[in-house]
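Below is one structure, written out as structure tokens; the observations come after it.
The values are calculated or read from the model by the stated rules, or taken from the named source; none is laboratory data. Keep in mind the model is a prediction, meaning the values are calculated, not measured. Cβ placement follows ideal geometry from the backbone for every residue including glycine, while neighbour counts extend to all protein chains displayed. Just the protein is used for accessible areas: all its heavy atoms, side chains included, with ligands, DNA and RNA removed. Shrake-Rupley method; radii C 1.70, N 1.55, O 1.52, S 1.80 Å.
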Amino acid sequence: MNDILPDEVGRWQELETAFRVHAELHGFAEVRTPVIEATELFARQIGETTDVVEKEMYSFERHDDRLTVRPEGTAGAARAFVEHAVAGQRPVSRWWYLGPMFRGERPAKGRYRQFWQAGCEHYGDVGPVADAEMIDFVVGFFQRIGISDLTTHVSSLGSGDTHARFRQAVFDFLAPKRASLSDDSQRRLDKNPLRILDSKDPRDREAVLGGPSILELLDGDDLAHWNGLRRHLDALGVRYVVDPTLVRGLDYYTRTLFEVKTSMGDLGAQNTLAGGGRYDNMIEGLGGPKVPAIGFAMGIERVLSVAPLRARERGPVCWVAPMGDAAIDGALRFARDLRKLGVAAEVDGRGGKLKAMLRRAETAGARFCVIFGESELARGVCAVKDLAARTQDEVPLEDAAAIVADRIVTPRTAPTEAGAIDAGASDAPRGAR
Ligand code: AMP
């Protein structure tokens, strides 16, 4: 689990803003659900035999409830969708979310026990248009924030009968090799053989080579969906790799599956930036109506480790330097007036010599230092030092805030270098660089 200190948080904010803007451009609205849900929700939806449920959930009991700190966002969002009968109010809903998730995994670079995900859920559209649009959303988002080296893997798990036939085919292929599988997989072979395709154990990886491909089993509506998805992706110019080995670690998927990987950075095996897929049975499984759905989640730490995003520099625009006790009250009032005009100001309460205060102003990255000295106060003025231009003049105390605010002429509307959108500009302090 990581601390995100103020020096790093600027890049997080850039990413979050870019994600919010991108999601809203695609018609998604934000949803915020609790971090804790009933354990049963995850166990049933993610699947009892998945690694997440078997080994990784942070679960506890309180007041006779079995609870789990969420390992992912889809199940909680679906629970909320059903609980608030959203399907009855609108036929199609597009939701996005962002927040911390918790999995007690073996830590590695790019794999943490508390990590952040941003994701989307699209309810009520059976696809494959929705599927293609969502994959295009993810690829487009990564491109927008400057991640150029991407590979998109897509596959289909089929549904109902196809899924069952694939399970049988995998079982038939692996059963003769049972003894060569890992202990976990020997157990899973009977319960959930598809999970073996997902195993990272080298014995299992070896055993599954040359196994059956789900794509050869697709027929009827599943095949039409798969072909439709590919056609729409081609029309959108989204480059992808057909990857029938894609299984993903969660049981709820039906039909479309996808992952977006990068070879940028040094993420090694943890180079999957985002993954998602269709889960047409979850809403009904939770007691809701029959509503198809598709979603994805991306890992924010991983994305930030490769995205060339730069934090906007913050810090005070104006450093307020009271010289001696008599000047403090006026300095405090001046700073408050400035902030009302939208200029970020910081009062140097440490006192001491002017030289020391100017040094602190420069370290803080301030653009102006306004000096409240005894001789100036006696004359009803204060000194305004432009730290960039290295000029200084005096202004009357009563107009000082308005005059300094007027000099801040660099509104923050320029796009960042990586091309992220500057959606935060309107509520940003004036003159922040
Ligand atoms: P999943 O919910 O397993 O489909 O994961 C979706 C994305 O979340 C992955 O592609 C990763 O980018 C990220 N992710 C999943 N687990 C972790 C973890 N333990 N640490 C960091 N990021 C993770």
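Taking the inverse of the mean 1/r over every pair of distinct Cα atoms in region 318-409 gives a Kirkwood hydrodynamic radius of 12.7 Å.
Taking only the alpha-carbon positions of the chain and ignoring solvent, what does the Debye formula give for the base-10 log of I(q)/I(0) at q = 0.12 Å⁻¹? Taking Cα atoms of the chain as identical point scatterers yields -0.98.
Our summary gives region 318-409 a relative contact order of 31 percent, counting only alpha carbon pairs under 8 angstrom and 6 or more residues apart.
Largest GNM mean-square fluctuation across ARG339, ARG310, ARG350, computed for the chain with C-alpha springs under 10 Å, falls on ARG350. Among ILE147, ILE36, ILE283, the largest mean-square fluctuation in a Gaussian network model of the chain, built with springs joining Cα atoms closer than 10 Å, belongs to ILE36.
Per residue, the accessible area of the chain comes to 47 Å², computed with a 1.4 Å probe over protein heavy atoms only. The helix-based estimate of mean residue ellipticity at 222 nm for the chain, built from -39,500 (n - 2.57) per DSSP H run of four or more residues and divided by its residue count, is -10500 deg cm²/dmol to the nearest 500.
Over region 318-409, with every protein chain in place, what whole percent of the accessible area is carbon and sulfur at 1.4 Å, could you tell me?
Details: 2520 of 4890 Å².
The value for region 318-409 is 52 percent carbon and sulfur by accessible area.
Taking every alpha-carbon pair within region 197-267, the share separated by more than 13 Å comes to 74 percent. Take the Cβ atoms of GLN168 and ASP386, set R0 to 60 Å, and the FRET efficiency comes out at 0.20.
With the convex hull constructed from alpha-carbon coordinates only, region 1-110 shows a mean projected area of 9.2 nm² over all directions. Sorting 6-17, 43-54 by average packing, meaning the other beta carbons within 10 Å per residue, from highest down gives 43-54, 6-17.
Placing +1 on the Cβ of every Lys and Arg and -1 on the Cβ of every Asp and Glu, with nothing else charged, gives region 318-409 a dipole about its Cα centre of roughly 400 debye.
The GluC sites (Glu not before Pro) of region 302-397 meeting both criteria, a DSSP state outside H, G, I, E and B (loop) and at most 12 other C-beta atoms within 10 angstrom of the site's C-beta, are GLU313. Hey, which of these cross-link pairs are over 26 Å Cα-Cα: LYS109/LYS177; LYS261/LYS290; LYS177/LYS261; LYS109/LYS200? Those over the limit are LYS109/LYS177; LYS261/LYS290; LYS177/LYS261. Rounded to the nearest 20, the size of the Cβ-charge dipole of region 1-124 about its Cα centre is 180 debye, with Lys and Arg at +1 and Asp and Glu at -1.
Look at the alpha carbon pairs under 8 Å that are at least 6 residues apart: their mean separation over the length of region 26-156 gives a relative contact order of 23 percent. Relative contact order of the chain, taken over Cα pairs closer than 8 Å and 6 or more residues apart, is 17 percent. Stretched out straight at 0.36 nm per residue, the stretch from LYS191 to ALA38 would grow longer than its current Cα-Cα span by 52.7 nm. PRE reach from LEU223 (point 7 Å along Cα→Cβ): which of region 133-164 fall under 20 Å by backbone N? Correct set: 155-164.
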